[in-house]
Amino acid sequence: MSTQHGRYLALTGGVGGAKLALGLSKILPPEQLTLVVNTGDDFEHLGLHISPDIDTLVYTLSSECNPETGWGRRNETWQFMQALKQLGGETWFNLGDRDLAMHVQRTRLLRGGETLTGVTARLASALDIRHTILPMSDDAVRTRVNTADGWLDFQHYFVREQCAPAVTGFEYRGASAAQINPAVVKAVRVEQLAGIIICPSNPFASIDPILALPGMRALLRDASAPVIAVSPVVGGAAIKGPTVKMMRELSLPQSASAVAAHYQAHTPGMLDGFVIDRLDRHCQAEIEDMNLAVQVCPTVMQSLSDRICLAEHCLEFLQDLRRTDQARR
């Protein structure tokens, strides 16, 4: 059990974010950790509301996640997809038989008038998750990818096209009219807030949609506790997913320091610290020149102990930043 005091907030999306979220959940009890999840990946498919990042997190925290893929449910079967294919239906987005139950139940509850926040809480509780999982918004925000072949909805780019088209930009449709989840605002403004962690998620596809919500950047920048981000890039490569490919196609350096620079450029003053892997120690001075404290530690999470270890480093880093801030006062 955690010896940490205060409450923590983590922004997450994708597999990398879910891994660190799991590590944090093993250290911090439910009353000390709130997880804010990207919903820019959400879309409607086969008449169902699909929330990929929420489900990846829910399955990870409930030990239901498929260990081989990092997404979907373990011990999955595919009879529904096989039958759908036989009938000439769309099969580019795989929905396993067990996973399908999640989408059917979510869609039914949403159509009955419940919010995505309420539905997510209900589904997480059904899988014995006690930590709070909050969608970034109850309003629809949809990530779209501009490519050399034109605009694509995110799942069409990511799954159907397998990230093949060259990326030229992003938009977060609906973000300007969306409202931050009120529970997120409350969690950031709580008096006992001890730190905010931006997980090692894709900055363009998982974190920027959250930051695109009106008022979110200011909310984090003005938080009473330090804010840190963990680099999803290690040694010039992404552990999982198309982050580095996107950076290359956007003419950005493929480095941990470039991720830090991206956050600093788009949200000046939001970050107090940045976490990098030992392989990227050469980036430390460049990141420190951005007026950021740097924590160097192992960030590759292959095992549960790796996830817990990185979570511990993040919490210790936040504690150090709080001490430094108090000493300056």
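The values are calculated or read from the model by the stated rules, or taken from the named source; none is laboratory data. Just so it is clear, the structure is predicted and the values come from calculations on it, not from any experiment. Cβ: placed from backbone, ideal geometry, glycine included. Neighbour counts: every protein chain shown. With ligands, DNA and RNA removed, areas are computed over all heavy atoms of the protein, side chains included. Shrake-Rupley method; radii C 1.70, N 1.55, O 1.52, S 1.80 Å.
All conditions in (1) of a type outside the set (Phe, Trp, Tyr); (2) surrounded by fewer than 20 Cβ atoms within 10 Å (Cβ to Cβ); (3) within 25 Å of Cys163 (Cβ to Cβ) hold for Glu288, with the sole exception of (3). Within the stretch 128-184, the set of residues being in a helix (DSSP H, G or I) and of a type outside the set (Ser, Thr, Tyr) comprises Phe154, Gln155, His156, Phe158, Val159, Arg160, Ala175, Ala177, Pro182, Ala183, Val184. Once the stretch 224-257 is narrowed to residues that are of a type in the set (Gly, Ala, Ser) and open to solvent by 20 Å² or more (accessible area, probe 1.4 Å), the residue that is nearest to Ala187 (Cα to Cα) is Ser224. The strands (runs of 3 or more DSSP E) located wholly in the stretch 1-83 that include 1 or more residues which are touching a residue at least 12 places away in the same chain (Cβ under 8 Å) and within 12 Å of the chain's Cα centre (by Cα) occupy 7-12, 33-37.
Looking at the structure I just gave you, is Met270 under 16 Å from Gly16 (Cβ atoms) and either at pLDDT 95 or above or of a type outside the set (Lys, Arg) (or both)?
No; evaluated as a whole, the condition is false for this residue.
On the basis of being in contact with a His (Cβ under 9 Å, 6 or more places away or on another chain), modelled with pLDDT of 95 or more and either at positive phi or open to solvent by 30 Å² or more (accessible area, probe 1.4 Å) (or both), does Arg217 make the cut?
Judged against the criteria, Arg217 is a match.
The residues on offer are Val145, Val104, Val190, and the sole one that is farther than 25 Å from Ala223 by Cα and over 21 Å from the mean Cα position of the chain (by Cα) is Val104. Looking across the stretch 81-97, the residues that are surrounded by fewer than 17 Cβ atoms within 10 Å (Cβ to Cβ) and in contact with an Asp or Glu (Cβ under 8 Å, 6 or more places away or on another chain) come down to Leu84, Asp97.
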